[in-house]
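Please read the structure below before turning to the comments.
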Amino acid sequence: MTRLVVTITSDLFDTPEQEVSVRENLPVRTLIEETIKEFNLPSDALYTLRIQSSGKLLDPEKTLEQQGVKTGEQLSFSREHRAARREAVLGSNTSRIMLSTNRRPYLREDSRGEIFNIDFQPAIIGRPDHSNPASREFLAVNLEGYEGAKSVSRYHARITESQGQFYIESLAEHNPAYLNGQIVRVGEKRMLNSGDKVRVGQISLTFGLRQATTQSIPNRPRTAQINNSPDASS
C-alpha cells in the first residue's frame, strides 16, 4: 500500500508545520477528522484542507490520490467558524424574507415529482444540519431521504429574488450545483427561468413559476429511501 509524506500547516497547531505519513487512498474527510482528534480542536466548526501551492480545496469525500496529492505536498488546514459559515450561506439575513412578487417559484424533484414551494428567501437547497437546528428555518428544499441524498451537501445551493427575477447560487465549493448542465461556481449568481433544470449532487430538479394569486401546489408525501452513496456533508 503506497504511502504519502505530506506537510500539514496551520496556525491552529502549536508547531505550525506537521509532517505526516498517510495512505494515498485515505479519504480527505478521515484525514481532517484525525487531525481534529490529534490536536484536540473544537468540533463546532468546519475544517478544510487545501493544496498550498495551488490553493485547491480538497473534496472531503475523495481520496488524496484521486485529487492529485503527491509526496512532498504542503496542505493548509484551516477552520471556518459557524458564524462565518452562516454569513457565507445566508449573507446578512438574520431571518427569512417572505416573497412579495406576483410570481412564486417552486422546484419539482424529477424522479418522484414532489413539489417544493419556495415562499421566502434566501431559500436553501440541501439537507438538515442536525448540529445546527436553527439553520432549518432557511431550508426550503429538504432532500434528505431521497435516493442519492448523501451526494447533496447540507448547504448546497440557495435561491434568491431581486426585482422579480430569481437566481441560483452554489454554496459548496467542492460540490457545486448545475443549471441546465452547466456548473454554477461559488460566487456566481445565475438567473432562473421556468423549465430550467437544476442538479444538486445526484438529484435532478425542475424550476417552475406560478402566479401568487393561485393556490400553492401541495407538497406530496415522501418516503425515505436507503442508499449507500457517499455523504457530501458540507
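Since every read-out is calculated from the coordinates, none of them should be taken as a lab result. Because the structure is a prediction, the values reported are computed rather than measured. Virtual Cβ from ideal backbone geometry, glycine too; neighbours counted across all protein chains shown.
Numerical summary
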| item | result |
| --- | --- |
| Label-point separation, Q163 to L12 (7 Å along Cα→Cβ), nm | 4.2 nm |
| Under-5 Å amide H pairs with S204, H placed in peptide plane, nonlocal only | D110, S111 |
| For segment 3-85, size of Cβ-based charge dipole, Lys and Arg +1, Asp and Glu -1, in debye | 240 debye |
| Computed E for I183/M1 - FRET, C-beta separation, R0 25 angstrom, nearest 0.05 | 0.15 |
| Whole-Hz ³J(HN,Hα) from phi, Karplus 6.51 cos²θ - 1.76 cosθ + 1.60, for segment 157-166, glycine and proline x | 7, 9, 10, 10, 10, 8, 6, x, 10, 10 |
| Sequence-distant residues sharing a close amide H with L4 (under 5 Å, placed H) | V22, R23, E24 |
| Length released on extending from K197 to K56, taking residue separation times 0.36 nm less the Cα-Cα span | 48.0 nm |
